[in-house]
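One structure is given below, encoded as structure tokens.
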Amino acid sequence: MKRRRFSAGVLLLLLLQGGIARPEDRIQLYPAFVSGGMGAIEGRVIASEEAIPYAASEGRRANLRRSLGALVNEERAHVPVTVRLVERHWPATTDVEGYFRVELSELAALMPGWHQIAGEIAGASTETGLLVVPDANVHGLISDLDDTILVTEVTSTRRMLANTLLRNPMQREAVPGTAALYRELAAKNADAAAAPVFYLSASPRQLHFSIETFLAYNGFPRGVLITKRVTNDETSEALFDQAPYKKARIEEILARVPHARFTLIGDDGEHDPEIYEEIRNAHPERIEAIWIRRVHPDPERPKLAGQGDLAVLLDGHCCAAQD
């Protein structure tokens, strides 16, 4: 095969247009899952920044600088990407926002459990987890994040911004008892390490890896974290309209993991109770239970019948653990 040669001028033009990866570019992959041999994985290519490990001792100024840096990225358009898993590979190309998506198929031969899947561009690579859900794992969990397991105080804009921007994931407060409860729910499955656990966050993907650090640091069971694609073009998911986003993601999980029944856990700070009830009405045979953490400032906020109080569940779990 004849090797293509580019003049310096052509190479410069390609770089300006985003046609090839630059040495300082880096690739991100978001965790994915497979059920029935089918799945999809998404990622992004952006200009690289110096990776500084989080520290519990960091001050507010350093946290603010890091948070703002994570939210503002220089995306890389039209970059060729290769996704590799075992001996298979799939090509992709980033869009104008630097994102790419690869449909994974014919993976029924993969052993159940977690696998490492790689994404590569010229000069850089990364890996993330790919969960192959075992057929014997029939107890699923879909959990909201903010004010369900991560104290964010969404009902107060000032406190929400302070928690999000001025504290790093090692300094954020986990709702007491939730990590232990989630580990117990995952352990109901035949293979607890590969439990169908999904963390559904309305936060933008720019905060994805910060959230992953929080989950791991606080001992939550390994799962697939789903964050929102927020861009400057028409492909963006609405930043503040949570209901369509959450319903679509839950419907996708139910369709891709058809053999499992799911527990839904959220809070009443926004619309989780109504979203979850709509999902249960549409798929009553697929929803095992709904638990809601009560955080809304209005004590008269209606409680939907059949939805349990997460605080009661946590109290019972704590007492049972002590016994």
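Could you please let me know if R167 is farther than 30 Å from H115 by Cα and more than 20 Å from the chain's Cα centre (by Cα)? It is false that R167 is farther than 30 Å from H115 by Cα and more than 20 Å from the chain's Cα centre (by Cα).
Listed here are the residues, each with its yes/no results for (1) closer than 30 Å to V72 by Cα; (2) open to solvent by less than 20 Å² (accessible area, probe 1.4 Å); (3) among the β-branched types (V, I, T).
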residue: Q242; (1), (2), (3): yes, no, no
residue: V257; (1), (2), (3): no, yes, yes
residue: H283; (1), (2), (3): no, no, no
residue: P299; (1), (2), (3): no, no, no
residue: L310; (1), (2), (3): no, yes, no
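Restricted to segment 94-128, and to residues there that are open to solvent by 30 Å² or more (accessible area, probe 1.4 Å), closer than 22 Å to F209 by Cα and not in a strand (DSSP E or B), the residue that is modelled with the highest pLDDT is D95. When L131, L68 are checked against the criterion of being crowded, with 18+ Cβ neighbours inside 10 Å and in contact (Cβ under 8 Å) with a residue 60 or more places away in the chain, L131 stands alone in meeting it. Number of residues in segment 86-116 that are in contact (Cβ under 8 Å) with a residue 40 or more places away in the chain, over 12 Å from I41 (Cβ atoms) and among the acidic types (D, E): the value is 3. Among residues of segment 237-279 being of a type in the set (G, A, S) and free of Cβ contacts under 8 Å to residues at least 40 places away in the same chain, the one that is nearest to M38 (Cα to Cα) is A255. Residues that are of a type in the set (S, T, Y), farther than 18 Å from A186 by Cα and open to solvent by less than 10 Å² (accessible area, probe 1.4 Å): does segment 208-222 have at least one? No.
Do we find that K228 is open to solvent by less than 30 Å² (accessible area, probe 1.4 Å) and within 19 Å of G98 (Cβ to Cβ) in this structure? Give the steps one after another, and end with the answer.
Numbers: open to solvent by less than 30 Å² (accessible area, probe 1.4 Å): yes; within 19 Å of G98 (Cβ to Cβ): yes.
Considered against the rule, which asks whether it is open to solvent by less than 30 Å² (accessible area, probe 1.4 Å) and within 19 Å of G98 (Cβ to Cβ), K228 comes out as yes.
Remark: pairs (first residue in segment 176-191, farther than 20 Å from V312 by Cα; second residue of a type in the set (V, I, T); Cβ separation under 8 Å; 6+ apart in sequence or on different chains) = N189/V138.
Could you go through segment 154-171 and let me know if any residue there is among the β-branched types (V, I, T), at negative phi and open to solvent by less than 10 Å² (accessible area, probe 1.4 Å).
Our first condition is that a residue be among the β-branched types (V, I, T); within segment 154-171, this holds for 154-155, 157, 164.
Within this subset, residues satisfying the condition of being at negative phi are 154-155, 157, 164.
Next, from what is left, pick out any that are open to solvent by less than 10 Å² (accessible area, probe 1.4 Å): none.
No; the residues of segment 154-171 include none that is among the β-branched types (V, I, T), at negative phi and open to solvent by less than 10 Å² (accessible area, probe 1.4 Å).
The values are calculated or read from the model by the stated rules, or taken from the named source; none is laboratory data. The shown structure was predicted, so the numbers you read here are calculated from the model rather than taken from an experiment. Counting neighbours? That spans all protein chains shown, and the Cβs are built from the backbone with ideal geometry, glycine included. Side chains are part of the model used for accessible areas, which takes the heavy atoms of the whole protein and leaves out ligands, DNA and RNA. Shrake-Rupley method; radii C 1.70, N 1.55, O 1.52, S 1.80 Å.
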